[in-house]
Amino acid sequence: MTAKTDILIVGGGLNGPALALALASGGVSVTVIDSRPAPARATLGFDGRAYALAIASKRLLTVLGVWPLVADRSQPILQIKTSDGRAGSGPSPFFLTFDAAEIEEGPMGFMIEDRHLYAAFLAAMAENPHITVISGETVVAQTTTATEAEVTLASGKTLRARLLIGCDGRSSGTAARAGITRTGWSYGQTALVTAIAHEKPHHGIAHQFFMPAGPLAILPLPGGYRSSIVWSQTDANASAITALPDAQYLAALRPRFGDFLGAISLAGARFSYPLNLTLANSFIAERLALVGDAAHGVHPIAGQGLNLGLRDVAALAQVLVIAARRGEDLGAADVLARYQRWRRFDSTSLALGMDAVNHLFSNDNPILRVGRDLGLAAVNALPALRRGLIRQAAGLTGDLPRLLAGQAL
Ligand SMILES: Cc1cc2nc3c(=O)[nH]c(=O)nc-3n(C[C@H](O)[C@H](O)[C@H](O)COP(=O)(O)OP(=O)(O)OC[C@H]3O[C@@H](n4cnc5c(N)ncnc54)[C@H](O)[C@@H]3O)c2cc1C
């Protein structure tokens, strides 16, 4: 049996559902296929995974009706403090502080747990008559022709559409099956991710300590006394730390952490993610487009991965909805080329920028350390530059698609 829809999205992680909702808001019918059974992720207890969403991403979620479902479970980020540090000697005295009071848009971002965001996406998709969700099914094959795309599921079922979109993550099978090659490298680092409870309140402040083995991010969660930890370590250190029981894991974390939040304890499961850069050499192919991590898997150093994906979502949805209104073929090469022109340069330069920051900070070279400290201090002393960086991190700069400006399609 073959079913037909306007657009097929492979991958129902976070970018897939966001894109489905964005397209549906413009009247385009979409089918989303995901390997995982949907309830598996939505009904999890707190698993330690959380995202820092930029203001622009929040605007998109608001227009799509998702933000109201998670607003009271989000934590505004009021300040970001960045410093160079070394285990044992703690952070250097040269802090770079970004304060939400410096821009008129309010908090520069919001922390939200993965399970709440995912559940909100599922609820919003379930209400939308233009969206069909197929979960617990894996795409195993695909073909495209000049007129349509077809995928085959592991169950043997086939689906056809005018356009196939890969939202299937860093090791995108959709990209591989289309012959799209990738550029990238491993960082030799692994991110250790968990949540901690702490004695003193975080006051909505996010911290980024640059350590020789990799950055440590401490990101505030709702309630005031819990934070999400993204602790990047060399692969060798990370596997040794991962093998430790909880008490020793905390003992290893404490000297990096310092005592500014008082006593700490684990408040979530411990995860580890090997870190690599992986950029698709094209974001489009015949009747096919890539979005999110499938197009660009980046270092989590600035918490920009999902934000970058949501920029793709906003741009591609705008291109396709306008094309549909004009009566154009949604999978036509010139329509897809508009998306690639809009997004490829921006995401590649941001990915390489984060790569450069990681290389500059993840070492113990004394000359670079002095340079870094002076650089942080210099930026801190220049309010206009600081405001520019805040606006950039909040996703408020560049050629913004309508959804990121808070406007419907
Ligand atoms: C440690 C760490 C911290 C991070 N912190 C932040 C942060 O603070 N802020 C931020 O913006 N980003 C952050 N990110 C990045 C963010 O997690 C990713 O960018 C985002 O989750 C990517 O979403 P996605 O939907 O593109 O891909 P994924 O979430 O990888 O989803 C892909 C989906 O595709 C499905 N799939 C794959 N193959 C198939 C198939 N053949 N058939 C059917 N389904 C398939 C999978 O089941 C999965 O559900 C972080 C990442 C890491 C590793």
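Here are the numbers for this structure:
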read-out	value
Condition met for Ala251 (free of Cβ contacts under 8 Å to residues at least 12 places away in the same chain, aliphatic (A, V, I, L, M) and surrounded by fewer than 17 Cβ atoms within 10 Å (Cβ to Cβ))	yes
Matching residues in the stretch 14-50 - criterion: being within 13 Å of the ligand (Cβ to nearest atom), modelled with pLDDT under 95, part of a loop (DSSP other than H, G, I, E, B) and open to solvent by 10 Å² or more (accessible area, probe 1.4 Å)	Arg36, Pro37, Asp47, Arg49
Test: residue in the stretch 283-295 that is in a loop (DSSP other than H, G, I, E, B) and surrounded by fewer than 23 Cβ atoms within 10 Å (Cβ to Cβ)	yes
Cβ pairs under 7 Å, 6+ apart, first in the stretch 160-188 and more than 13 Å from the ligand (Cβ to nearest atom), second of a type in the set (Lys, Arg) and outside any loop (DSSP other than H, G, I, E, B)	Arg160/Lys4; Ala161/Lys4
Enumeration of residues in the stretch 276-294 that are closer than 14 Å to Gly184 by Cβ and either near the ligand (Cβ under 8 Å from one of its atoms) or without any contact (Cβ under 8 Å) to a residue 40 or more places away in the chain (or both)	Asp293, Ala294
Residue list for the stretch 196-211, restricted to those being open to solvent by less than 20 Å² (accessible area, probe 1.4 Å) and within 12 Å of the ligand (Cβ to nearest atom)	Ala206
Selection from the stretch 105-143 of residues that are assigned to a loop (DSSP other than H, G, I, E, B) and over 24 Å from Gly166 (Cβ atoms)	Glu105, Gly106, Pro107, Met108, Glu127, Pro129
Selection count, the stretch 302-315, where residues are more than 8 Å from the ligand (Cβ to nearest atom) and open to solvent by 10 Å² or more (accessible area, probe 1.4 Å)	2
Meets criteria (outside any helix (DSSP H, G or I) and touching a strand residue (DSSP E or B) at 6+ places or on another chain (Cβ under 6 Å)) for Leu336	no
Leading residue by the ranking (farthest from the ligand (Cβ to nearest atom)) among those in the stretch 136-146 that are in contact (Cβ under 8 Å) with a residue 12 or more places away in the chain and open to solvent by 50 Å² or more (accessible area, probe 1.4 Å)	Ala146
Whichever residue in the stretch 212-244 is of a type in the set (A, V, I, L, M), over 16 Å from Pro274 (Cβ atoms) and within 11 Å of the ligand (Cβ to nearest atom) and, among such residues, is most open to solvent (accessible area, probe 1.4 Å)	Leu219
Those residues of the stretch 258-282 which are closer than 30 Å to Arg177 by Cα and open to solvent by 10 Å² or more (accessible area, probe 1.4 Å), in sequence order	Phe271, Ser272, Tyr273, Pro274, Leu275, Asn276, Thr278, Leu279, Asn281, Ser282
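The values are calculated or read from the model by the stated rules, or taken from the named source; none is laboratory data. No experiment lies behind these values; they were computed from the predicted model shown. Here Cβ is always computed from backbone atoms with ideal geometry, including for glycine, and neighbour counts include all displayed protein chains. To get the accessible areas, we keep the full protein, side chains included, count just its heavy atoms, and leave off ligands, DNA and RNA. Shrake-Rupley method; radii C 1.70, N 1.55, O 1.52, S 1.80 Å.
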